[in-house]
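Asker: Got a structure here, written out as structure tokens. Questions coming.
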Amino acid sequence: MTDTHAEPVPIPGPRNIEWVGDAETGFLRLLDQTVLPNQVVYLECKDVQSVWDAIKRLSVRGAPAIGVAAAFGCVLGAQHGGFDPAAEHLATSRPTAVNLFWAIDRMKRVTPRTPEALLDEAKAIHTQDAAMCQCIGEHALDLIQDLLPRPQASNTKPLTLLTHCNAGALATGGIGTATSPMYLAQQRGMPVRVFADETRPLLQGARLTAFELGAAGIDVTLICDGMAGQVLREGKVDVVITGADRIAANGDAANKIGTYPLAVMARHHNIPFLVAAPSSTFDMSIADGDAIPIELRAAEEITEGFGSRTAPSGVKTYSPAFDVTPAELITAIITERGVIRPVNTEQVRSVVGATK
Ligand code: MRU
């Protein structure tokens, strides 16, 4: 990780993940993101199954946050039924975000596997993720300024970013990945504006990104996913930036469903399309995005999201939760280790390393 050259940005909003108490008797407190922005409710996870459920139902979501939660879940396993069954079970909660498997693998390497040693490692994963977000923000803001040279003193037009889903503080241990340059720009007094895609069907952009950016005082404008093309066409956006759930060795990147069409449209309009993700999101064991497992979600998330039926009963559905953006559509991938540009196997390897 490179050194940051600025004061860390404080993590905005309610804490999404927190360990409460000691290693032997403590528990995991998670912000229940399913009820945001209307309610701020915390879940007390005192066993492995409650962490599994929280990941599965998206109470905790976002690739890095899933990994951190699973790491703490392993501590609960060591407290109760045993580490191995806990690690094995947690790995079945969601298939796409590789940070889940990365964090569990890190926990497996802890010796001795006492609750104390495991809790130290889970806390390290959590704090390192926060540091990675800060570094990503530094690299991202530098890159964005390079892509769009704009003399600071004379420029009053806000830097305008469009993002999809929530790759923010709620999705990580820190200030987010795609959101980190937004928070950093705000801290440095740069005018910044964000268009947030609402992100069908579970509305992470509307419920979470608009909530966290708005609460932090960042100028955020909510649009429906299908409006993004028109917003790009109207020339309102300088850069599109998203997170990722799993990035293959060649730079193909899986992210929330709806990201790929955004990348296609950004290319059509000659607007840079950036992916921001920590090294823990790379899966160097797979050559390209075709091998990324794509989670399929329940039909009800499309037909009766948030309790209101919006489709005929019995209608056939297909609900992939993620899509894969091919490397050739990605202008750059920003990691805590530096910027991958152009995006190809060689550059991924040189920035992230052959094994991570
Ligand atoms: O289904 P979700 O809400 O877990 O999907 C989250 C995303 O796709 C994020 O963009 C990704 O995990 C990156 S979070 C820094």
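The values are calculated or read from the model by the stated rules, or taken from the named source; none is laboratory data. The model shown is predicted, which means the values in this text are computed figures rather than measured ones. All Cβ positions, even for glycine, are placed from backbone atoms using ideal geometry, and neighbour counts span all protein chains on display. Side chains included, ligands, DNA and RNA excluded: accessible areas come from the protein's heavy atoms. Shrake-Rupley method; radii C 1.70, N 1.55, O 1.52, S 1.80 Å.
Asker: Inverting the mean 1/r over all pairs of different Cα atoms, compute the Kirkwood radius of the chain and quote it in Å.
Answerer: It is 20.3 Å.
Asker: Between beta-carbons, use under 9 Å as the cut-off and find the net charge around ARG29, counting Lys and Arg +1, Asp and Glu -1.
Answerer: Surrounding charge for ARG29 is -1.
Asker: For segment 112-118, what does the Karplus curve 6.51 cos²θ - 1.76 cosθ + 1.60, with θ = phi - 60°, yield as ³J(HN,Hα) per residue in whole Hz, taken in order and with x for Gly and Pro?
Answerer: Those phi angles translate into x, 7, 8, x, 4, 5, 5 Hz.
Asker: Cβ under 13 Å from ASN16's Cβ, ASN16 left aside: what net charge do those residues give with Lys, Arg +1 and Asp, Glu -1?
Answerer: -1
Asker: Please list, in order along segment 221-229, the HN-Hα scalar couplings obtained from phi with the Karplus expression 6.51 cos²θ - 1.76 cosθ + 1.60 (θ = phi - 60°), rounded to whole Hz, x for Gly and Pro.
Answerer: 10, 8, 10, 6, 3, x, 8, 4, x
Asker: When we measure straight from the Cα of LYS56, which lysines land under 18 angstrom away, once same-chain ones fewer than 8 places off are left out?
Answerer: Leaving aside lysines fewer than 8 places away in the same chain, those within reach of LYS56 are LYS46, LYS256.
Asker: How many angstrom lie between the Cα centre of segment 95-134 and the Cα centre of segment 22-49?
Answerer: Segment 95-134 and segment 22-49 have Cα centres separated by 18 Å.
Asker: Sticking with this structure for a sec: Suppose only helical runs count, i.e. DSSP H with n ≥ 4. What mean residue ellipticity at 222 nm does that imply for the chain under -39500 (n - 2.57) per run, divided by all residues and rounded to the nearest 500 deg cm²/dmol?
Answerer: Helix contribution divided over all residues of the chain: -10000 deg cm²/dmol.
Asker: List every residue whose amide H lies under 5 Å from the amide H of PHE282, counting only residues 5 or more places away in sequence or on a different chain, with H placed 1.01 Å from N in the peptide plane.
Answerer: Residues meeting the amide H criterion: ILE247.
Asker: If each of ARG349 and ALA91 carries a label point 7 Å out from its Cα toward its Cβ, how far apart are those two points in nm?
Answerer: The answer from the label model is 2.6 nm.
Asker: List every residue whose amide H lies under 5 Å from the amide H of GLY176, counting only residues 5 or more places away in sequence or on a different chain, with H placed 1.01 Å from N in the peptide plane.
Answerer: HN-HN under 5 Å from GLY176: ALA169.
Asker: Taking the alpha-carbon set of segment 17-126, what are its Rg and Dmax in Å?
Answerer: 12.5, 43
Asker: Ok, one more. If packing is taken as the mean number of other Cβ atoms within 10 Å per residue, what is the order of 77-84, 241-248, highest first?
Answerer: 241-248, 77-84
Asker: Could you put HIS164, HIS268, HIS89 in order of accessible surface area, largest first, with the 1.4 Å probe and the full protein assembly present?
Answerer: HIS268, HIS89, HIS164
Asker: Please give the Cα centre distance for segment 187-234 versus segment 303-356, rounded to the nearest Å.
Answerer: Using only Cα atoms to place each centre, the spacing works out to 18 Å.
Asker: Per 5 Å bin from zero, what fraction in whole % of the C-alpha pairs of segment 128-256 is there, up to the bin with the longest pair?
Answerer: Histogram of Cα-Cα distances, whole percents per bin: 2, 11, 21, 24, 23, 13, 5, 1, 0.
Asker: So, one more: Provide the solvent-accessible area of ARG200, counting protein heavy atoms only and rolling a 1.4 Å probe, rounded to the nearest 10 Å².
Answerer: The value for ARG200 is about 110 Å².
Asker: Rank these by accessible area, largest first, 1.4 Å probe: ARG29, ARG349.
Answerer: Ranking ARG29, ARG349 by accessible area, largest first, yields ARG349, ARG29.
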